[in-house]
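**Student:** What follows is a single structure, and I will ask about it in a moment.
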Amino acid sequence: MKLTPLNIVLACVLTWIVSEWGNDQLALAWWKIVLFLLILLAADLVFRLLVKDLKKLWINEIGFILISGILMVVLKILWS
């Protein structure tokens with residue numbers, strides 16, 4: 001299995017969820033967490049099927065992560 005940026009993000013998110021599970025700070029429903037993790041896995045699989053070169057795969061996935069993060073911040077600012 002190849003190491004990709006989306007795999008790293010998935011590992012970081014799972015680590016954060018497990019570390020915050022006992023606290024009341026994690027205000028997400030379990031189905032939202034599962035849905036987010038499934039979307040990350042599906043996006044990783046799509047990128048792996050579409051992009052065969054490992055260097056281009058890394059560049060595309062990093063771009064996807066950056067664009068998704070920027071869109072999340074913009075949407076949060078607009079809807080707050």
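**Student:** Would you check if residue 62 is out of contact with any strand residue (DSSP E or B) (no Cβ under 8 Å at 6 or more places or on another chain), at pLDDT 95 or above and not in a loop (DSSP other than H, G, I, E, B)?
**Tutor:** yes
**Student:** Take the residues in segment 29-59 that are open to solvent by less than 70 Å² (accessible area, probe 1.4 Å) and in contact (Cβ under 8 Å) with a residue 24 or more places away in the chain; name whichever of them is farthest from residue 69 (Cα to Cα).
**Tutor:** Applying the filter and picking the extreme gives 48.
**Student:** Counting only residues that are within 23 Å of residue 63 (Cα to Cα) and free of Cβ contacts under 8 Å to residues at least 12 places away in the same chain, which one in segment 1-28 is least open to solvent (accessible area, probe 1.4 Å)?
**Tutor:** 11
The values are calculated or read from the model by the stated rules, or taken from the named source; none is laboratory data. Keep in mind that what you see is a predicted model, and the values were worked out from it rather than measured. Every residue, glycine as well, gets a Cβ built from its backbone with ideal geometry; the counts of neighbours run over all protein chains shown. Accessible surface areas use protein heavy atoms only, side chains included; no ligands, DNA or RNA. Shrake-Rupley method; radii C 1.70, N 1.55, O 1.52, S 1.80 Å.
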